[in-house]
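Worksheet for the structure shown next.
The values are calculated or read from the model by the stated rules, or taken from the named source; none is laboratory data. Source: prediction; values computed, not measured. Here Cβ is always computed from backbone atoms with ideal geometry, including for glycine, and neighbour counts include all displayed protein chains. For the accessible areas, the whole protein counts, side chains as well, though only heavy atoms, and no ligand, DNA or RNA atoms are used. Shrake-Rupley method; radii C 1.70, N 1.55, O 1.52, S 1.80 Å.
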Amino acid sequence: MDKYLIVGLGNVGAEYEQTRHNTGFMVLDAFAKASNISFEDRRYGFVAQTTLKGRKVFLLKPSTFMNLSGNAVRYWLNHENIDQNRLLVVSDEVALPLGDFRLKAGGSNGGHNGLGHIQQLIGQDYARLRMGIGNDFPRGMQVDWVLGRYSEEELEQLQPSIDIAVEIIRSFVLAGIDHTMNQYNKLGKHGGGKD
């Protein structure tokens, strides 16, 4: 049976819930809810599993904190013997406006600590879905911004993109990265394009 690992990046703990840096967790929570599955506390993270048309899908929310996310990703790839081209990582992205998103088959970490650590451990050859959180912060205040909580209005603005992200995960598993990028990147307001 083909296996897939879908990773949402974030920080564990009540103080980080609904923060911009936890957008990856929010996408996986939405996928789990839509699939009627729940997460269990496992090694290096919270894991849920389901099957899509005969393919086994593991959802992982690392419990390692953002800047050590690679430990969880590498462990679960190895533990379940999952091919790296069946890995999709969902993260927040300050370089994209709120509600925008971009799916890529590989590339740089864009200065994101979680993606940076994954890259250190497994290289940069894996799919990632970057969810725009905007960058409406004064110079030098990026940490406060990404660790700040979404407002109700922002959550409303983000919700349609979270719904699309759930579809993207399903498409990635069932149709592959190239087809999914072609289909969905044009839906992101600035989809496609180069970094």
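Just a few scattered comments:
- Residues being under 19 Å from Leu98 (Cβ atoms) and either open to solvent by 80 Å² or more (accessible area, probe 1.4 Å) or hydrophobic (A, V, I, L, M, F, W, C) (or both) - total across region 29-50: 1
- Of everything in region 18-34 that is in contact with a strand residue (DSSP E or B) (Cβ under 9 Å, 6 or more places away or on another chain) and free of Cβ contacts under 8 Å to residues at least 40 places away in the same chain, the residue that is farthest from Ser161 (Cα to Cα) is Ala32.
- Cβ pairs under 7 Å, 6+ apart, first in region 35-47 and part of a loop (DSSP other than H, G, I, E, B), second open to solvent by 100 Å² or more (accessible area, probe 1.4 Å) and not small (Gly, Ala, Ser): none
- Residue tally, condition in contact with a helix residue (DSSP H, G or I) (Cβ under 8 Å, 6 or more places away or on another chain) and either surrounded by 20 or more Cβ atoms within 10 Å (Cβ to Cβ) or outside any loop (DSSP other than H, G, I, E, B) (or both), over region 76-85: 3
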